[in-house]
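Participant: Before anything else, here's the structure in question.
The values are calculated or read from the model by the stated rules, or taken from the named source; none is laboratory data. Keep in mind that what you see is a predicted model, and the values were worked out from it rather than measured. Neighbour counts run over all protein chains shown; Cβ positions are idealised from the backbone, glycine included. Each accessible area value is taken on the protein alone, full model and side chains, heavy atoms only, with ligands, DNA and RNA left out. Shrake-Rupley method; radii C 1.70, N 1.55, O 1.52, S 1.80 Å.
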Amino acid sequence: MALEHAILVSLTERAGSGYELARRFDRSIGFFWGATHQQIYRVLKRMTEAGWLSNELVAQDGRPDKKVYRVSADGHAELRRWLGEPNEPAILRDELAVKVRGASLGDAAVVLAEVRRHRDRHAERLDVYREIEKRDFPDPRGLSGQDLHQYLVLRGGVRAEQSFVEWCDEVAEALERDGR
């Protein structure tokens with residue numbers, strides 16, 4: 001997947017300026033597809049040149065005009081094409097897993113500290129996801145369409161973070177036993 005497709009999904013959900021889109025990435029989309037603000041602005045320009053987006057200048061009081069981007073007919077066609085295209089399941093590439101595997105080749109206590117640090121970060125992200133879930137989806141049984149799809153992605157994030165926390169706990173316990 002390219003950043004272009006994440007942007008098409010976001011702008012199909014709601015038109016917005018580059019700044020607004022970058023904020024959406026910071027608050028939601030960026031949890032599973034990261035991009036810097038500079039990358040987003042470069043890709044918006046490229047997508048506009050390709051005809052996937054149109055933009056309109058909107059006047060603002062006391063501030064420069066802003067460009068509000070919308071997905072064009074060509075952009076919708078590209079999004080439909082991409083949605084219908086098969087993709088390979090993600091392959092986990094995790095530097096921490098390689099460090100755990102090599103723990104006996106160095107200082108296992110340092111690796112254990114790194115496992116605990118990762119566990120704490122995953123637990124923090126899990127808390128954020130659960131707060132979003134509680135705030136935005138208090139009764140998920142009645143969801144459909146776009147709301148359901150957003151909820152399902154969030155649930156994937158919750159489950160992934162739960163899994164990482166549990167795995168880090170398992171690794172930490174095993175390394176502690178091994179180090180005694």
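Participant: Evaluate the distance, in nm, between pseudo-label points positioned 7 Å from the Cα of residue 159 and of residue 46 along their respective Cα→Cβ axes.
Facilitator: Taking the two extended label points, one gets 3.2 nm.
Participant: Give me the number: length gained by fully extending residue 136 to residue 36, i.e. 0.36 nm times residue separation minus the C-alpha to C-alpha distance, one decimal in nm.
Facilitator: Contour length minus the Cα-Cα distance gives 33.5 nm.
Participant: When only C-alpha pairs under 8 Å and at least 6 residues apart count, what is the relative contact order of region 81-180, in percent?
Facilitator: RCO, region 81-180: 39 percent.
Participant: Let me ask something else about it. So with the 1.4 Å probe, I'd like the accessible area per residue for region 24-180, rounded to whole Å².
Facilitator: I get 72 Å² per residue for this part.
Participant: Over region 18-138, what is the mean sequence separation of C-alpha contacts under 8 Å (at least six apart), divided by residue count, expressed as relative contact order in percent?
Facilitator: 13 percent.
Participant: Within 11 Å, Cβ to Cβ, of residue 59, how many net charges do the neighbouring residues add up to if Lys/Arg are +1 and Asp/Glu are -1?
Facilitator: Summing Lys/Arg as +1 and Asp/Glu as -1 gives -1.
Participant: If you take the square roots of the eigenvalues of the alpha-carbon gyration tensor of region 50-124 and sort them as a ≥ b ≥ c, do you get rounded (a/c under 1.5), prolate (a/b over b/c) or oblate?
Facilitator: In terms of gyration-tensor shape, oblate.
Participant: Calculate one ³J(HN,Hα) per residue across region 83-91 by plugging θ = phi - 60° into the Karplus curve 6.51 cos²θ - 1.76 cosθ + 1.60, and present them in order as whole Hz with x for glycine and proline.
Facilitator: After applying 6.51 cos²θ - 1.76 cosθ + 1.60, I find 4, x, 8, x, 9, 7, x, 5, 9 Hz.
Participant: Rounded, prolate or oblate: which one fits region 13-103, using the alpha carbon gyration tensor with axes a ≥ b ≥ c (rounded when a/c is under 1.5, else prolate when a/b beats b/c, else oblate)?
Facilitator: It comes out oblate by the Cα gyration axes.
Participant: Report the FRET efficiency, 1/(1 + (r/R0)^6), for residue 101 and residue 27, where r is their Cβ-Cβ distance and R0 is 41 Å, rounded to 0.05.
Facilitator: Once rounded, the FRET efficiency stands at 0.75.
Participant: Report the full-extension gain for the segment residue 143 to residue 128: residue separation times 0.36 nm, less the Cα-Cα distance, to one decimal in nm.
Facilitator: Here the answer is 3.3 nm.
Participant: Can you give me the long-range amide H partners of residue 17? Hydrogens built in the peptide plane at 1.01 Å from N, cutoff under 5 Å, separation of 5 or more residues or another chain.
Facilitator: 69
Participant: Report the full-extension gain for the segment residue 56 to residue 176: residue separation times 0.36 nm, less the Cα-Cα distance, to one decimal in nm.
Facilitator: That pair, residue 56 and residue 176, stretches by 37.3 nm at full extension.
Participant: If I take R0 = 25 Å and measure r between the Cβ atoms of residue 151 and residue 70 in this structure, what FRET efficiency does the formula 1/(1 + (r/R0)^6) give, to the nearest 0.05?
Facilitator: Approximately 0.50, to the nearest 0.05.
Participant: Further question: Computing the accessible area with a 1.4 Å probe over protein heavy atoms, can you report the carbon and sulfur percentage for the chain?
Facilitator: Roughly 51 percent, rounded to a whole number.
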